[in-house]
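First comes the structure, then the notes that go with it.
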Protein chains: 2
Amino acid sequence: MSNDWRAMWAELGIDLEKHDQFLAALPELYEKTFINQFNRPQAMQYFDFVISEVHGLRVKELVDHKLKGGKVVASFCVFVPEELILAVDAVSIGLCAGAQFPVATGEKVLPRSICPLIKASIGFKLDSICPYFQVADFVIGETTCDGKKKAWEILNDFIPTYVMELPQRKEKEDYDLWEAEVNRLMQKLETETGKAVDFESLSQAVAKVNNRRKVLRRLYDLRKADPVPISGKDALLITQLAFFDDPERFSAKVSELCDELEERVKEGMGVVPQGTPRILITGSPMPIPNWKIHDIIERCGGVVVCEETCTGTRYFEQLTEEGQTISEQLKQIAMRAMKINCACFTPNNERINDILRLVEEYKIDGVIYYNLQFCHPYSIEYYKIERALQAAEIPVLKIESDYSEEDLPILQNRIQAFLEMVGQ
Amino acid sequence: MSNDWRAMWAELGIDLEKHDQFLAALPELYEKTFINQFNRPQAMQYFDFVISEVHGLRVKELVDHKLKGGKVVASFCVFVPEELILAVDAVSIGLCAGAQFPVATGEKVLPRSICPLIKASIGFKLDSICPYFQVADFVIGETTCDGKKKAWEILNDFIPTYVMELPQRKEKEDYDLWEAEVNRLMQKLETETGKAVDFESLSQAVAKVNNRRKVLRRLYDLRKADPVPISGKDALLITQLAFFDDPERFSAKVSELCDELEERVKEGMGVVPQGTPRILITGSPMPIPNWKIHDIIERCGGVVVCEETCTGTRYFEQLTEEGQTISEQLKQIAMRAMKINCACFTPNNERINDILRLVEEYKIDGVIYYNLQFCHPYSIEYYKIERALQAAEIPVLKIESDYSEEDLPILQNRIQAFLEMVGQ
């Protein structure tokens with residue numbers, strides 16, 4: 001990343017010294033994790049570039065957008081309807097939440113026994129080292145788990161934080177509540193931006209976001225091939241960047257990558273030999289730069305071919321259906337989210353079906369259930385998933401981890417043993 | 001407790017051997033905690049008796065109730081509207097959830113990093129050592145926290161578990177959702193019991209439950225006196241037993257106790273000298289036999305005069321208003337619950353006001369913020385409460401604990417130091 005950005009960062013109120021410390025370790029980590037992979041697709045170069053400029057060029061674009069009177073709205077969750085943000089010409093960005101560096105700061109205002117994602121996000125804001133937090137006009141939080149729900153109250157002391165209430169069941173009253181929440185968000189966005197949402201702007205926004213979902217679907221479909229034409233790490237990186245990059249440019253670049261991968265599939269070319277144990281990851285999300293589990297799996301002789309997570313299929317599998325009026329469009333936007341099978345719902349048996357379906361479609365040899373430490377909903381839901389997988393005779397390994405490197409040796413041992421068992 | 005109950009326990013499917021092991025330690029714990037307190041009110045004898053028969057006589061009453069065709073409905077939470085249960089002539093009971101003994105069993109199906117209350121309750125059912133679980137026709141759970149919400153899905157594999165969705169904010173849509181949930185529960189109870197709720201039965205049930213709330217209010221009002229006429233331990237025990245005992249008998253007995261305490265207050269007689277540091281406990285609930293924190297405080301020279309918990313003021317402060325029609329009654333029942341300031345709501349600033357008000361009313365010298373280990377909502381909410389108390393110059397100590405005895409020495413040290421600071 002060029003040094004030219006220091007003036008911009010200073011203007012955004014970034015703590016330059018701390019930010020330097022934070023960024024210092026990333027290039028090496030990225031290089032070690034991504035650069036020397038076997039037979040890496042050419043088109044990954046764009047995503048390497050995006051990551052190298054994730055605190056630079058992309059932030060500059062947002063600053064420029066604001067100079068032109070636009071707004072920047074930050075969020076953390078696949079339930080937040082990005083379509084509405086785009087419909088008022090605002091930029092929607094995901095927030096930094098995947099690094100160990102700011103966790104200690106997060107722990108100054110949060111209990112230690114909260115998931116690292118929440119501690120990291122609050123820490124990023126308190127440390128003033130996340131340019132996205134600095135550039136954002138406000139944050140949209142949601143009530144998907146106790147940790148986030150209550151952390152927004154604290155975050156709101158540092159940046160305006162608007163909260164959407166996601167219901168906890170999927171009954172008629174819940175759909176009504178969520179539709180009302182989608183409507184309330186539209187009003188909020190209209191007030192904040194001074195722009196009215198109309199049928200046309202919403203149609204375009206829906207098309208844009210659906211298109212990104214479709215290219216990600218295409219990418220994931222290509223991962224069903226054996227040998228698989230792209231590593232799990234690279235695919236994860238792409239899904240992670242979907243939260244940050246401009247949606248149209250991103251979709252075009254993922255399409256280019258898919259063209260390349262399609263050629264590979266035709267030729268039977270992969271990044272690992274046929275017969276490499278094919279792993280499905282399911283559980284908690286993995287925000288940038290949390291590449292830990294994928295990296296271990298792929299260094300230990302396995303390959304991740306699908307993620308049933310919010311940085312995986314839950315992010316893009318459901319499309320927003322078209323509507324003939326604004327109110328129908330809003331209903332469809334609300335409906336789409338309610339089809340996501342997050343562990344925050346009770347019951348959430350549809351997730352079992354999703355996992356069994358993905359196991360089939362992606363020819364999975366073993367499932368790694370990834371749980372962010374102290375993430376109660378996914379952790380407790382493991383009980384049901386484990387039983388369903390055992391009944392279907394699919395090997396499963398539960399891993400609970402944080403963002404630190406302390407558990408790397410033990411994770412490596414456990415994953416190695418699991419892959420050996422699966423590969424037999 | 002008499003041995004006569006063994007046949008009844010066997011019939012209820014109790015694991016007699018394990019149950020013996022579980023009960024073995026309780027008489028000594030109870031005696032050590034309660035019996036030799038200074039100047040204990042005479043009327044506590046009734047509650048000593050209730051506790052001594054909590055797995056015996058009271059269970060026999062429930063068995064008899066079922067023999068006459070009645071139902072027994074178990075629940076865990078102050079949001080479950082007991083009025084509706086009584087209105088269909090069912091018995092409402094709280095469930096065992098305060099002991100360390102079944103935690104290890106709970107951890108066989110739940111992650112370790114879940115609060116001990118949830119692990120204990122599931123463990124009680126799996127171990128077959130809680131006669132209330134055994135006698136209950138079904139359980140009513142709620143979505144007040146991630147841990148409970150997801151644990152009900154597991155519990156339902158072992159006993160039918162009906163779940164009420166408590167919303168997470170207090171806006172119009174939330175009131176509507178909760179009112180719909182109250183209506184849905186009424187239908188469920190009508191189906192289960194074959195009895196229709198009518199205006200009269202509901203009026204009587206509301207009066208019965210309100211009356212219990214009023215006597216508990218009276219008891220707590222008497223704790224405002226200095227010197228305080230009853231120990232915190234005894235008051236906690238009474239609130240805990242409110243979840244188990246017959247409501248009318250319980251109310252009568254608490255009234256008798258209050259008569260005695262009133263005399264004491266007139267005479268200026270207390271259980272501790274005037275000037276003893278007066279402590280407010282706030283935070284997570286303390287189900288039987290979790291008397292740990294009160295016991296330490298009162299052994300270290302303080303006295304607990306109020307609990308802002310679900311085994312304290314949140315259980316009884318709000319009364320159900322009268323309604324002129326069934327639908328108005330149901331609305332009022334729903335409204336009452338929504339006035340409880342539980343950390344499951346966001347925002348929950350009213351709880352700050354509650355605590356500051358209680359500090360004033362009960363002439364509090366120091367606040368102990370009690371957090372069950374891994375209880376995220378209360379743990380995170382501490383941030384705001386601490387700041388509010390600091391601004392009001394009220395000393396506050398946060399304690400996170402489970403049901404084990406492992407942390408007793410450290411808790412004792414911390415509480416001792418806090419009381420010395422507060423007493424200066």
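Taking all Cα-Cα distances within region B:304-344, those exceeding 16 Å account for 43%.
Across peptide A:149-158, what mean number of C-beta atoms from other chains lies inside 10 Å of a residue's C-beta? List each step's numbers first, then the result.
Values: counts 12, 15, 4, 3, 9, 4, 0, 2, 3, 0.
Mean inter-chain Cβ contacts per residue within 10 Å come to 5.
Shown here: region A:10-110, whose C-alpha atoms stretch 43, 39, 29 Å along the first, second and third principal axes, sorted largest to smallest.
Shown here: region A:304-376, whose C-alpha atoms stretch 45, 30, 20 Å along the first, second and third principal axes, sorted largest to smallest.
In sequence order, region B:354-362 has phi-based couplings of 4, 5, 5, 5, 5, 4, 5, 5, 9 Hz under the Karplus curve 6.51 cos²θ - 1.76 cosθ + 1.60, θ = phi - 60°, and Gly or Pro positions carry x. For chain A, the alpha carbon positions stretch 61, 52, 46 Å along the principal axes, listed from largest to smallest.
Per Stokes-Einstein, at 4 °C and 1.567 mPa s, what whole-number D in µm² s⁻¹ belongs to region B:253-364, with the Kirkwood radius over Cα pairs as the hydrodynamic radius? Taking Rh from Cα pairs, D becomes 79 µm²/s. Taking only the Cα atoms of region A:102-241, the radius of gyration and Dmax are 18.5, 51 Å.
Straight-line cross-link partners of residue B:148 among the aspartates and glutamates, defined as a Cα under 13 Å from its Cα and at least 8 positions apart when in the same chain: A:146, A:381, B:165.
Could you tell me the center-to-center distance, by alpha carbons, between region A:276-333 and region B:153-221 in angstrom? Taking the Cα centre of region B:153-221 as reference, the centre of region A:276-333 is 39 Å away. Debye sum, Cα scatterers, region A:279-329, no solvent: what log₁₀ I/I(0) at q = 0.15, 0.23 1/Å? Log10 of I(q)/I(0), two decimals: -0.52, -0.86. Rolling a 1.4 Å probe over the protein heavy atoms leaves residue A:33 with an accessible area of roughly 10 Å².
Given region A:1-112, what count of lysine pairs have C-alpha atoms under 26 Å apart, with each pair 8 or more places apart or on different chains? Intermediate results must be reported in sequence, preceding the final value.
Details: A:18/A:32; A:18/A:60; A:18/A:66; A:18/A:108; A:60/A:68; A:60/A:71.
Lysine pairs meeting the criterion: 6.
Distances from residue A:68 to itself in the other copies, using label points 7 Å out along the Cα-Cβ axis, amount to 7.7 nm in increasing order. Peptide A:341-352 has a mean shielding of 3, counted as Cβ atoms of other protein chains within 10 Å of each residue's Cβ. Given a Förster distance of 35 angstrom, what is the FRET efficiency for residue A:4 paired with residue B:171, based on the Cβ-Cβ distance and rounded to 0.05? E between residue A:4 and residue B:171, to the nearest 0.05, is 0.15.
Given a 1.4 angstrom probe, I'd like the percentage of the accessible area of the protein assembly as shown that is carbon and sulfur, rounded to a whole number. Spell out each step's value before the answer.
Numbers: 15390 of 31120 Å².
The value for the protein assembly as shown is 49 percent carbon and sulfur by accessible area.
Near residue A:34, once Lys and Arg are set to +1 and Asp and Glu to -1 for all other residues with Cβ below 12 Å from its Cβ, the sum equals -3.
Provide, as a two-decimal number, the C-alpha radius of gyration of region A:65-175 over 2.2 N^0.38 Å, N being how many residues it has. Don't jump to the answer; show the numbers that get you there.
Working: Rg = 14.4 Å, N = 111, 2.2 N^0.38 = 13.2 Å.
Working it through for region A:65-175, the quotient is 1.09.
Size descriptors for the protein assembly as shown: radius of gyration and Dmax over Cα atoms are 28.7, 95 Å. Plainly put, the tip 7 Å out from Cα toward Cβ on residue B:420 is 5.5 nm from that tip on each other copy, the closest given first.
Hey, what's the per residue convex hull volume over the C-alpha atoms of region A:296-424, in cubic angstrom? All intermediate terms of the calculation are to be shown ahead of the outcome.
On the way: hull volume 16.2 nm³, N = 129.
With only Cα atoms used, region A:296-424 gives 125 Å³ per residue.
Along the charge dipole of the protein assembly as shown, pointing to its positive end and built from +1/-1 on Cβ of Lys, Arg, Asp and Glu, which listed residue (B:240, B:296, A:220) has its Cα farthest out? Result: B:296, furthest along the dipole toward the positive end.
In straight-distance terms, cross-link reach from residue A:172 covers every one of the lysines whose alpha-carbon lies under 20 Å from its own, apart from those fewer than eight places away in the same chain; here that gives A:331, A:339, B:149, B:170, B:172, B:188, B:331. Inter-copy label distances at residue A:273, using a point 7 Å along Cα-to-Cβ, come to 8.4 nm with the shortest given first.
Quick check on chain B: helices-only [θ] at 222 nm, where DSSP H runs of length 4 and up contribute -39,500 (n - 2.57) each and the sum goes over total residues. Nearest 500, please.
Numbers: 20 runs with 227 residues, N = 424.
Here the helix-only value at 222 nm equals -16500 deg cm²/dmol.
The values are calculated or read from the model by the stated rules, or taken from the named source; none is laboratory data. Computed from a prediction, not measured in an experiment: that's the story for all the values here. So basically every Cβ, Gly included, is an ideal-geometry build from the backbone, and we count neighbours across all protein chains shown. Each accessible area value is taken on the protein alone, full model and side chains, heavy atoms only, with ligands, DNA and RNA left out. Shrake-Rupley method; radii C 1.70, N 1.55, O 1.52, S 1.80 Å.
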